[in-house]
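The values are calculated or read from the model by the stated rules, or taken from the named source; none is laboratory data. Computed from a prediction, not measured in an experiment: that's the story for all the values here. Because the Cβ atoms are built from the backbone with ideal geometry, glycine has one as well, and the counts that use them run over all protein chains shown. Accessible surface is based on the protein model in full, side chains and every heavy atom, while ligands, DNA and RNA are left aside. Shrake-Rupley method; radii C 1.70, N 1.55, O 1.52, S 1.80 Å.
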Amino acid sequence: MADNLNMKTVTLNRVLEQVKFQLRMGDYSPIIVIGKSGIGKTESLSELAKDLKIGFVELRLSHYDLSDLIGLPYVENGRTKHAETNLFPDSKDKNAGILLLDEVTSAPKNMRSAVYQLLDSSRKLGEYKLPEKWLIVCCGNGPDDGGDFRGIEPALLSRGRCMRVEEDLNSWKKWAVAHNVHPTVIAYLSFSPISLHVMDPDKPNDMIACPRNWVKLSTQLNNMEKIKGGKLTTAEDEEDLEFAACCCVGESNGPGFVSFYKYSDQAITVEDIVKGNVPASALSNMRTETMYIITQNIAKYIKDVLNRGRVGGDYTDEAIKEVAKIFKWIIEVGEKVRLDLTATAIQELGNTVPDLVSICIDDRFSELCPEFTEFTLKND
């Protein structure tokens with residue numbers, strides 16, 4: 001287990017909630033987040049700023065020298081001053097924003113010492129002063145996270161609210177569905193949760209499997225299927241997919257995904273489910289791997305239906321109707337064939353599809369699919 005540096009261990013969602021809370025309350029005390037590489041710290045903060053419609057500046061401290069931060073020196077009236085650097089937000093900015101000081105634990109000690117001033121109540125660095133409504137978030141890796149850890153001092157930690165962030169599969173799956181990550185990648189990680197982030201502490205220089213790299217594999221797989229015009233089914237396809245998987249998530253993780261992908265040949269289509277062309281009996285001998293793939297295909301389908309069917313803050317009757325058809329089929333599978341498959345599907349959909357709970361308690365859904373309420377009450 002990684003050294004948590006005496007910090008509270010939380011999910012990435014909890015970090016984002018803290019950022020939103022402080023911005024809402026006008027509390028611009030710095031936040032310091034330590035965690036493994038590739039779990040989405042930087043990207044999530046950038047997306048949060050975009051969602052909140054506020055400013056965002058990312059500064060990777062390990063890429064700069066001290067002179068870059070404090071600005072070029074010049075002489076005025078016999079005194080040496082420093083020009084305001086363009087790396088930071090405009091000091092006259094009146095709007096809110098997030099300043100991300102990334103890779104703080106990979107930077108030289110003199111760089112970390114320099115930003116102490118920014119993290120103090122003065123919020124200054126040389127001649128520069130941070131705008132009033134900008135919140136600083138420092139991100140970095142811990143000593144056991146496989147990154148370039150050059151240290152972190154209590155003097156820095158004492159200037160902010162500190163937390164240790166760990167990868168969280170359910171949170172990542174919600175993000176992945178919303179960002180069109182390939183359903184089979186999500187299905188595989190649902191089937192094998194330990195594969196989300198794999199790092200051998202005894203081999204710190206080895207490739208790792210992490211959320212960032214699974215997304216890379218998803219992009220490659222989507223492109224391969226686009227060129228192929230469908231699923232990858234030939235021996236040559238399998239060889240190409242194993243090459244892609246190993247290049248993205250490592251030689252020890254890639255082959256397992258390729259073996260799982262083969263089950264996608266057996267996956268029925270969601271379109272056929274909605275049309276009523278797939279009887280529940282079709283799943284009587286279905287393997288669990290295939291059901292995970294079908295479930296994530298359903299999650300993507302429902303997400304697309306809800307995106308199309310959202311009008312203002314509500315969903316159209318047609319969108320509710322399509323979701324209800326899918327759930328009637330899922331419950332029929334549990335009642336007539338495989339309860340375990342239905343339980344897995346409902347749990348996975350609840351973990352991955354935003355707003356699904358609000359759909360399932362909608363009166364229109366209840367009228368169209370009363371079986372859902374009956375099934376959940378009966379099966380807890």
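What the table shows:
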| read-out | value |
| --- | --- |
| Failed item, numbered, when residue 34 is tested on (1) surrounded by 16 or more Cβ atoms within 10 Å (Cβ to Cβ); (2) assigned to a helix (DSSP H, G or I) | (2) |
| Every residue from region 177-214 that is touching a Pro at 6+ places or on another chain (Cβ under 9 Å) and either more than 15 Å from residue 351 (Cα to Cα) or open to solvent by 80 Å² or more (accessible area, probe 1.4 Å) (or both) | 196, 197 |
| Total residues in region 233-260, condition open to solvent by 50 Å² or more (accessible area, probe 1.4 Å), out of contact with any Lys or Arg (no Cβ under 8 Å at 6 or more places or on another chain) and not aliphatic (A, V, I, L, M) | 11 |
| Count of region 121-140 residues which are part of a loop (DSSP other than H, G, I, E, B), open to solvent by less than 10 Å² (accessible area, probe 1.4 Å) and in contact with a helix residue (DSSP H, G or I) (Cβ under 7 Å, 6 or more places away or on another chain) | 1 |
| Hits in region 259-310 - residues which are in contact (Cβ under 8 Å) with a residue 60 or more places away in the chain and in contact with a Phe, Trp or Tyr (Cβ under 8 Å, 6 or more places away or on another chain) | 260, 261, 288, 289, 292, 293 |
| Breaking point among (1) open to solvent by 50 Å² or more (accessible area, probe 1.4 Å); (2) assigned to a loop (DSSP other than H, G, I, E, B); (3) touching a strand residue (DSSP E or B) at 6+ places or on another chain (Cβ under 8 Å), for residue 50 | (2) |
| Which numbered condition residue 227 misses (of (1) hydrophobic (A, V, I, L, M, F, W, C); (2) touching a Leu at 6+ places or on another chain (Cβ under 9 Å); (3) exposed (fewer than 13 other Cβ atoms within 10 Å of the Cβ)) | (2) |
| Filtered residues of region 141-176 (kept if at positive phi and either surrounded by fewer than 16 Cβ atoms within 10 Å (Cβ to Cβ) or touching a Gly at 6+ places or on another chain (Cβ under 7 Å) (or both)) | 151 |
| Residue in region 264-284 that is in contact with a Ser or Thr (Cβ under 8 Å, 6 or more places away or on another chain) and basic (Lys, Arg) present | no |
| Region 142-173: number of residues that are among the polar types (S, T, N, Q) and modelled with pLDDT under 90 | 2 |
| Every pair of residues 6+ apart whose Cβ atoms lie under 7 Å, when the first sits in region 216-234 and is within 21 Å of residue 263 (Cβ to Cβ) while the second is open to solvent by 80 Å² or more (accessible area, probe 1.4 Å) and among the acidic types (Asp, Glu) | 231/265; 233/265 |
